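Heads up, the thing below is written out as structure tokens.
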Amino acid sequence: MTQTKIAIIGGSGIYDIDGLENAEWVTVETPWGNPSDQILTGSLNGVAMAFLPRHGRGHVHSPTEVPYRANIDALKRLWVTDVISVSACGSFREHMAPGDFVIVDQFIDRTFAREKSFFGTGCVAHVSVAHPTCPRLSDACEAAGKAAGITVHRGGTYLAMEGPQFSSLAESRMYREHWGCDVIGMTNMPEAKLAREAELCYASIAMVTDFDSWHPDHGEVDVTTIIATLTGNAEKGRALIKGLPDLLGAEHTPCPHGCDRALEYAILTAPEKRDPALLAKLDAVAGRIL
């Protein structure tokens, strides 16, 4: 049995964790480049925690330019067991209103300008993302949110767009009416895919800030409106995070859904054909297998 270490990847509006004991910003070097920022480490209610600001402190990285591979690799190097993504999103559903949280369980990936895998020529691997989030971790997020008095919707499909522009009206209608999406954002992909390759349990909390551009009574998305809602959402997000250590506990047992064994049968390249240079870069992500 290993020790639980919870990582929070904070999106727009969340740049730290309240109440973290022995808090320290640490630098983590990775073979995939620098993470978005230093990582804040410490403990909360006796459980080890790590916090990574996805866009960097001061919001310096655009969604396309976030170093997703370096971020996930850095968390793996810190012996993180559970990754919880917190991010702002738009809603395609009237009942998922600004200020509500959605515990995402599916994604449609429309990004196209990002590196989406740790693997490639010299070491080919295919992991399943049929169920890209961890139900055990999502259960804890739902319970912590409800205990904090937040309106939480369990389950939803997240449309990941490239950005940085918001959707056109035609795109917004298509995602809502024809593709069956529930929320839209710019940062959960390839993050969720990379977490699966790194054998990390991953959950996604989408904090609704707006109705995208489809809603006839709300008009197009503008940053001023989003920022106003972000302030309230950030406070709710911090309250939710505070409840996670007690729910997840200090001892980490094997994931009942197999997230921590995702690479078990994923690597296809024959051992004698594997590229030593790539294997060296995979030491943290795939060291258990390689």
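We did not get these values from a lab; they are worked out from the coordinates using the rules stated. Owing to the predicted nature of the structure, the values given are computational and were not obtained by experimental measurement. FYI the Cβ positions are ideal-geometry reconstructions off the backbone, even for glycines, and counts take in every protein chain you see.
A few notes on this one:
- Projected label distance in nm at E94 and V26, using a 7 Å step from Cα toward the beta-carbon: 5.0 nm
- Among V83, M96, Q106 - extreme Cα towards positive end, dipole of region 69-136, charges at beta-carbon: V83
- A convex hull fitted to the Cα coordinates of region 84-238 yields 112 cubic angstrom per residue.
- Comparing K273, K242, K193 in a Gaussian network model of the chain where C-alpha atoms under 10 Å apart are linked, the largest mean-square fluctuation is found at K273.
- Among D18, D210, sorting on how many other beta-carbon atoms sit within 10 Å of each Cβ, with the fewest leading, yields D18, D210.
- Rounded to 10°, Cα long-axis angle of helix 135-147 versus longest principal axis of the chain: 40 degrees
- Among the trypsin sites (Lys or Arg not before Pro) in region 1-90, those placed in a DSSP loop whose Cβ has at most 16 other Cβ atoms within 10 Å are R57.
- Among H178, H55, H131: highest mean-square fluctuation, GNM of the chain, C-alpha pairs under 10 Å: H178
- Cα-only Debye scattering, region 1-82: base-10 log of I(q)/I(0) at q = 0.15, 0.17, 0.22 Å⁻¹: -0.48, -0.62, -1.01
- Rounded to the nearest 5, the antiparallel percentage of DSSP beta bridges internal to region 2-281 is 40%.
- The chain: most fluctuating residue of A203, A228, A266 per GNM, C-alpha cutoff 10 Å: A228
- Shown here for region 1-100: GluC sites (Glu not before Pro) in loop regions (DSSP other than H, G, I, E, B) with at most 16 other Cβ atoms within 10 Å, namely E29, E65, E94.
- Dipole magnitude for the chain: about 540 debye, using +1 per Lys or Arg Cβ and -1 per Asp or Glu Cβ, origin at the Cα centre.
- Assuming charge only on the beta carbon of Lys and Arg (+1) and of Asp and Glu (-1), the dipole of region 1-155 about its Cα centre is about 340 debye to the nearest 20.
- If a spin label sat at a point 7 angstrom from the Cα of Q3 along the line to its beta carbon, no backbone N atom of region 254-290 would be nearer than 16 Å.
- Positive-end residue of H59, L137, L244, charge dipole of the chain with Cβ unit charges: L137
- Per-residue ³J(HN,Hα) for region 244-255, Karplus 6.51 cos²θ - 1.76 cosθ + 1.60, θ = phi - 60°, Hz, x for Gly and Pro: 6, x, 5, 6, 8, x, 7, 9, 9, 9, x, 5
- Here the Debye sum runs over all C-alpha atoms of the chain as equal scatterers in vacuum, and log10 of I(q)/I(0) at q = 0.08, 0.12, 0.14 Å⁻¹ comes out as -0.32, -0.72, -0.99.
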